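Written below as C-alpha coordinates is the structure these notes are about.
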Amino acid sequence: MTRSIFLSLVFHTAMIVITAITLPFMVRAPIDLPPILSVDLIQITDKTSIHFEAKDAKTLEENKKKEEKRIVSQQAPPSEKKKEKPDRIP
(Lines give C-alpha, C1' and ligand atoms only; values in the text may rest on other atoms or scores of the structure.)
Protein backbone atom coordinates (compact mmCIF):
# COMPACT_ATOMS: atom_id res chain seq x y z
CA MET A 1 0.00 0.00 0.00
CA THR A 2 2.87 2.34 0.77
CA ARG A 3 4.27 1.70 -2.68
CA SER A 4 0.93 2.67 -4.33
CA ILE A 5 0.70 5.95 -2.39
CA PHE A 6 4.32 6.76 -3.27
CA LEU A 7 3.74 6.06 -7.00
CA SER A 8 0.55 8.13 -6.95
CA LEU A 9 2.35 11.09 -5.32
CA VAL A 10 5.21 10.86 -7.85
CA PHE A 11 2.80 10.65 -10.79
CA HIS A 12 0.64 13.58 -9.59
CA THR A 13 3.70 15.71 -8.82
CA ALA A 14 5.09 15.01 -12.29
CA MET A 15 1.77 16.00 -13.90
CA ILE A 16 1.64 19.26 -11.91
CA VAL A 17 5.24 20.11 -12.85
CA ILE A 18 4.67 19.33 -16.55
CA THR A 19 1.49 21.42 -16.53
CA ALA A 20 3.25 24.36 -14.84
CA ILE A 21 6.10 24.24 -17.36
CA THR A 22 3.95 23.97 -20.52
CA LEU A 23 1.14 26.34 -19.49
CA PRO A 24 2.94 29.58 -20.55
CA PHE A 25 3.52 28.15 -24.04
CA MET A 26 -0.20 27.44 -24.49
CA VAL A 27 -1.19 31.09 -24.21
CA ARG A 28 -2.20 32.38 -27.63
CA ALA A 29 -1.23 35.73 -29.00
CA PRO A 30 -4.10 38.21 -29.30
CA ILE A 31 -5.74 38.53 -32.71
CA ASP A 32 -4.56 41.57 -34.62
CA LEU A 33 -7.67 43.26 -36.04
CA PRO A 34 -7.46 45.92 -38.73
CA PRO A 35 -8.73 49.37 -37.78
CA ILE A 36 -12.48 49.93 -38.07
CA LEU A 37 -13.56 52.08 -41.00
CA SER A 38 -16.37 54.54 -40.45
CA VAL A 39 -18.78 55.24 -43.28
CA ASP A 40 -20.85 58.41 -43.60
CA LEU A 41 -24.13 58.28 -45.48
CA ILE A 42 -24.90 61.40 -47.46
CA GLN A 43 -28.09 62.48 -49.18
CA ILE A 44 -27.59 62.93 -52.93
CA THR A 45 -30.81 64.72 -53.79
CA ASP A 46 -33.66 66.36 -51.93
CA LYS A 47 -36.33 64.73 -54.09
CA THR A 48 -36.64 61.00 -54.60
CA SER A 49 -37.92 59.42 -57.79
CA ILE A 50 -40.41 56.98 -56.17
CA HIS A 51 -43.28 58.13 -54.00
CA PHE A 52 -44.17 55.23 -51.75
CA GLU A 53 -46.94 57.07 -49.89
CA ALA A 54 -48.98 57.72 -53.03
CA LYS A 55 -48.50 54.15 -54.20
CA ASP A 56 -49.65 52.76 -50.85
CA ALA A 57 -52.73 54.98 -50.76
CA LYS A 58 -53.81 53.73 -54.19
CA THR A 59 -53.42 50.08 -53.23
CA LEU A 60 -55.35 50.62 -49.99
CA GLU A 61 -58.24 52.19 -51.88
CA GLU A 62 -58.27 49.32 -54.39
CA ASN A 63 -58.33 46.76 -51.57
CA LYS A 64 -61.25 48.52 -49.87
CA LYS A 65 -63.22 48.50 -53.12
CA LYS A 66 -62.57 44.77 -53.58
CA GLU A 67 -63.74 44.05 -50.02
CA GLU A 68 -66.96 45.97 -50.57
CA LYS A 69 -67.71 43.95 -53.71
CA ARG A 70 -67.11 40.64 -51.96
CA ILE A 71 -70.25 38.82 -50.78
CA VAL A 72 -69.89 37.10 -47.45
CA SER A 73 -72.42 34.51 -46.34
CA GLN A 74 -73.00 33.43 -42.78
CA GLN A 75 -71.73 30.08 -41.70
CA ALA A 76 -74.30 27.48 -40.71
CA PRO A 77 -74.31 26.52 -37.03
CA PRO A 78 -72.72 23.16 -36.24
CA SER A 79 -75.09 20.22 -36.11
CA GLU A 80 -75.64 18.51 -32.81
CA LYS A 81 -74.40 14.94 -32.63
CA LYS A 82 -75.06 12.44 -29.90
CA LYS A 83 -71.97 11.26 -28.09
CA GLU A 84 -71.31 7.57 -28.39
CA LYS A 85 -70.48 5.67 -25.24
CA PRO A 86 -67.23 3.72 -25.50
CA ASP A 87 -67.49 -0.04 -25.11
CA ARG A 88 -66.20 -1.28 -21.81
CA ILE A 89 -63.63 -4.01 -21.80
CA PRO A 90 -64.46 -6.60 -19.11
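The values are calculated or read from the model by the stated rules, or taken from the named source; none is laboratory data. Model, not experiment: these values are computed from the prediction. For the accessible areas, the whole protein counts, side chains as well, though only heavy atoms, and no ligand, DNA or RNA atoms are used. Shrake-Rupley method; radii C 1.70, N 1.55, O 1.52, S 1.80 Å.
The string of couplings for the stretch 29-39 from the Karplus curve (6.51, -1.76, 1.60, θ = phi - 60°) is 6, x, 6, 8, 8, x, x, 7, 9, 9, 10 Hz, one whole number per residue in order, with x for Gly and Pro. Sorted largest first by accessible area at a 1.4 angstrom probe radius, with every protein chain in place, the residues 25, 11 fall in the order 25, 11.
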